[in-house]
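Undergrad: Please find one structure pasted underneath; my questions will follow.
No lab work stands behind these numbers, since they all come straight from the coordinates. The structure displayed is predicted, hence computed values, not measured ones. Positions of Cβ are generated from backbone atoms using ideal geometry, with glycine treated the same way; all protein chains shown enter the neighbour counts.
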Amino acid sequence: MTIQDRYPVKHVLYPYRRSADQDAEVPARHPVVIVGGGPIGLALALDLGLKGQKVLLLDDHEGVGLGSRAICFSKRTLEIVHRLGAGAEMVAKGVVWQKGRVFHDRDEIYSFDLLPEDGHRCPAFINLSQVDFEKFLADAIDRAAEKGAEIEMRGKNRVDAVETNENGATLDIMTPEGRYRIEADWLIACDGARSPLRDMLGLGFDGRVFEDNFLIADVKMTADFPTERWFWFDPWFKSGASALLHKQPDDIWRIDFQLGWDIDREKELKEENIRARVDAMLGPEVEYELDWTSIYTFQCRRMEKFRHGRVVFAGDAAHQVSPFGARGANSGLQDTDNLAWRLDLVLRGLAGEDLLDDYDSERVFAADENILNSTRSTDFITPKSETSRRFRDAVLALAADHAFARPLVNSGRLSLPCTYDGFGPDDLEGPARSRPGAPAPDAPLNEGFLLDHLGWDFCMLGLGVDVPEALDAHGLAVTGLVIKEPPDLIRDRYLGTAPGAVYLIRPDQHVLARWPSFEAEAVRAAMARALGKAGR
């Protein structure tokens, strides 16, 4: 019996139940069908449901998670899930960290602090098993459903075929009790990097395959290592390779070992060989249990377009990166944050379908940024030419004693939210961190935090400048929030040296535009552009 065979089922999130659709004489039609019950599908279903949309989520399993998979969830992801009602539980369960150390053999050559300033509710990162992340989202869906949100989750409902037209899609679904069909006005594919829906539709997924393999070993042990990210180049226990150590909740430690390209996977996954690697790293005196192991080969690739008529792709189904930098699940959550408000406006008839083309353009822009950073990290960690290796080794040799070389050490540029530069007007010489396209920086306000006050809709934020309580803009009421005397941290993050400013914030809490003073027509013009009602 392998470790994987004896790994227990941790969470059943959406057990199979027979639905009325299976007995319908004609296929039932749903406004939104999401395929894939991982973190991306669950977050999107929750976001849309909280906005008042009726959502059906399908998954071919029942929410059973095997192994840790994604474990690093970023500050921006935590801000998103906090707004969805699941963030507090995740932070309470997760291991909070913000510091990392990089070693060459046994010597520390570089360290970093991802959030050196105060005044943020969410930490830089937490480490939390993906199966627990999914459970907290599913729990939030259950709480939302108790309050009237129309979110239905169907486990063991596998999509076997899909047909599309200009009005939506028809899905053939297999269950333990046989087949049935449904129709969808909108179909959202969140079914992972191997996306069956993408294959059914004959859509490409182009990019680069990296010729290397890494072994994941999730180890249960009691250890006094600090809660930091530790990364080794050429470690004493495996010269010419790399390794990573991270703490998770419940005394689980994630270890990644670089194996090389030409390996015998079956041999490497034998328990005695895994233990030999762990023993060499931790020392033979350390007691531990192997909780989960796997070997992965990674790729950086994406679809050419994320929207195909009434079918939209998100998360790993749309784009895939290497795990260095924790950009996979975190960028997928940003997909859902970008998509949900747009699809909500389209479903409510407040915007045309071409608003979803902006989802495509912005998230393709973000995917390219993530792929670029991920590729650079991977090329540094696993150089594939003699020239690249010499450069990498020279940087590592210099970094221990020379500060100029340390920023060149690339053990994975950790996930940051994308700033959609060039997607909105900027008439204020304000701080770069709050420029149009950036996620609105959080800061303490009264007894809470600024992001809590921005709400779920378009918002005008007046900092030392009056704005109306509401402004009608193309059928939408843009709410106003005035902070007469901004606290120091808000002033620092939004004003800099400016005496005051007006910010227009999108429903996903990205800055849409900013001005030194309020002008109603400027706000309406920016709203027209955001809603696709003005020329690009």
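Undergrad: For a test of the definition: using alpha carbon positions, the gyration tensor, and the 1.5 limit on a/c, classify the chain as rounded, prolate or oblate. Present the calculation step by step, with values, prior to reporting the outcome.
TA: Details: a/c = 1.82, a/b = 1.19, b/c = 1.53.
Oblate, since a/c reaches 1.5 and b/c is not below a/b.
Undergrad: Distance between Cα centroids, the range 77-114 to the range 375-403: provide it in whole Å.
TA: Here the answer is 25 Å between Cα centres.
Undergrad: Next question, about the same structure. Take the alpha-carbon positions of the range 432-530, form their convex hull, and give its projected area averaged over all directions (one quarter of the hull surface) in nm². Let's see the in-between values first.
TA: On the way: hull surface 22.1 nm².
Over all viewing directions, the range 432-530 projects a mean Cα-hull area of 5.5 nm².
Undergrad: Which of rounded, prolate, oblate describes the range 282-338, given a ≥ b ≥ c as roots of the alpha-carbon gyration tensor eigenvalues and a/c under 1.5 marking rounded, otherwise prolate only if a/b is larger than b/c? List each step's numbers first, then the result.
TA: Working: a/c = 3.56, a/b = 2.92, b/c = 1.22.
Prolate shape, in that a/c is at least 1.5 and a/b is the bigger ratio.
Undergrad: Given axes a ≥ b ≥ c from the Cα gyration tensor, I'd like to know whether the range 193-282 is rounded (a/c under 1.5), prolate (a/b larger than b/c) or oblate. Present the calculation step by step, with values, prior to reporting the outcome.
TA: Numbers: a/c = 2.14, a/b = 1.67, b/c = 1.28.
Cα axes put the range 193-282 in the prolate bin.
Undergrad: Another question about this same structure. By the scheme Lys and Arg +1, Asp and Glu -1, what is the net charge of all other residues having a beta-carbon under 11 Å from that of T497? Walk me through the numbers before you get to the answer.
TA: Working: positive: R491; negative: E429, D492.
Neighbourhood net charge equals -1.
Undergrad: Just in the range 272-358: which GluC sites (Glu not before Pro) are loop by DSSP and have at most 12 other Cβ atoms within 10 Å? Intermediate results must be reported in sequence, preceding the final value.
TA: On the way: sites: E272, E285, E287, E289, E304, E353; in loops: E285, E287, E304, E353.
The qualifying sites are E285, E287, E304.
Undergrad: Here's something else I'd like to know. So if each residue of separation counts as 0.36 nm, and I subtract the Cα-Cα distance between T387 and L269, what length gain in nm does that give?
TA: Numbers: separation 118, 0.36 × 118 = 42.48 nm, distance 3.23 nm.
Difference between extended and current length: 39.2 nm.
Undergrad: Just need the relative contact order of the range 409-536 here, percent rounded to a whole number, with Cα pairs under 8 Å and 6+ apart.
TA: On the way: 241 pairs, mean separation 35.9, N = 128.
Contact order relative to length: 28 percent.
Undergrad: As a footprinting exposure proxy, order I371, I141, I295, I483 by other Cβ within 10 Å, with the fewest listed first. Walk me through the intermediate numbers first.
TA: Details: I371 22, I141 27, I295 15, I483 19.
Lowest count first: I295, I483, I371, I141.
Undergrad: By average Cβ neighbour count within 10 Å, what is the ranking of 45-51, 382-388, 407-413 from highest down?
TA: Numbers: 45-51: 25.1, 382-388: 12.7, 407-413: 18.1.
Packing proxy ranking, top to bottom: 45-51, 407-413, 382-388.
Undergrad: Okay, helix-only estimate at 222 nm for the chain: each DSSP H run of n ≥ 4 adds -39500 (n - 2.57), divide by all residues, round to 500 deg cm²/dmol; what do you get? Could you put the intermediate results ahead of the total?
TA: Values: 13 runs with 147 residues, N = 536.
When only DSSP H runs of four or more count, the value is -8500 deg cm²/dmol.
Undergrad: On to the next question. Could you pull out every residue, at least 5 positions away or on a different chain, whose amide H is within less than 5 Å of the one on G260? Hs are placed 1.01 Å off N in the peptide plane, and Pro or chain starts have none.
TA: The list, which skips near neighbours in sequence, is N213.
Undergrad: Say a site is exposed when it is one of the chymotrypsin sites (Phe, Trp or Tyr not before Pro), sits in a DSSP loop, and has at most 13 other Cβ atoms within 10 Å; what is then the longest site-free stretch of the chain? Intermediate results must be reported in sequence, preceding the final value.
TA: Numbers: sites that count: W236, W261.
Longest run free of exposed loop sites: 262-536.
Undergrad: For the range 339-368 and the range 143-204, what is the separation of their Cα centres, given in Å?
TA: Cα centroid of the range 339-368 versus Cα centroid of the range 143-204: 20 Å apart.
Undergrad: May I ask what percent, to the nearest 5, of DSSP beta bridges between residues of the range 382-522 are antiparallel?
TA: Numbers: 16 of 22 bridges.
Taking every DSSP beta bridge with both residues in the range 382-522, the antiparallel ones total about 75 percent.
Undergrad: Just to confirm a number: summing +1 for Lys and Arg and -1 for Asp and Glu over residues other than G37 whose beta-carbon lies under 13 angstrom from that of G37, what do you get? The partial results should precede the final answer.
TA: Details: positive: K135, R154, K156, R158; negative: D59, D60, E62, E134, E152, D191.
That sum, taken over residues with Cβ under 13 Å, equals -2.
Undergrad: Taking amide hydrogens as modeled 1.01 Å from N in the peptide plane, which residues meet the under 5 Å criterion relative to A473, leaving out close sequence neighbours?
TA: V478
Undergrad: Past the 18 Å Cα-Cα mark, which pairs from K93/K247; K93/K220; K247/K384; K75/K99? It would help to have the intermediate numbers written out before the result.
TA: Numbers: K93/K247 12 Å; K93/K220 16 Å; K247/K384 30 Å; K75/K99 14 Å.
In this structure, K247/K384 lie more than 18 Å apart at Cα.
Undergrad: For the chain, what does the relative contact order come out to in percent, with C-alpha contacts under 8 Å and a separation of six or more? List each step's numbers first, then the result.
TA: Details: 1126 pairs, mean separation 74.8, N = 536.
About 14 percent, as a whole number.
Undergrad: Between N446 and T497, take the C-beta separation as r, use R0 = 22 Å, and let me know the FRET efficiency to the nearest 0.05. Working shown, then result.
TA: Numbers: r = 25 Å, r/R0 = 1.12.
After rounding to 0.05, the efficiency reads 0.35.
Undergrad: Something else about it: In what sequence do S74, S294 fall when counting other Cβ within 10 Å, fewest first? The partial results should precede the final answer.
TA: Working: S74 26, S294 16.
Listed from fewest to most nearby Cβ atoms, that is S294, S74.
Undergrad: Once amide H atoms are placed 1.01 Å from N in the peptide plane, what residues at a sequence separation of 5 or more from C122, or on another chain, have their amide H within under 5 Å of its amide H?
TA: Placed amide hydrogens put nothing under 5 Å from C122.
Undergrad: Quick one: what are the phi-derived ³J(HN,Hα) couplings along the range 52-63, Karplus 6.51/-1.76/1.60 with θ = phi - 60°, whole Hz, x for glycine and proline?
TA: x, 8, 8, 10, 10, 10, 10, 8, 7, 10, 10, x
Undergrad: Of H82, H246, how do they rank once you tally other Cβ atoms within 10 Å and put the fewest first? Present the calculation step by step, with values, prior to reporting the outcome.
TA: Working: H82 20, H246 25.
Listing H82, H246 from fewest to most nearby Cβ atoms yields H82, H246.
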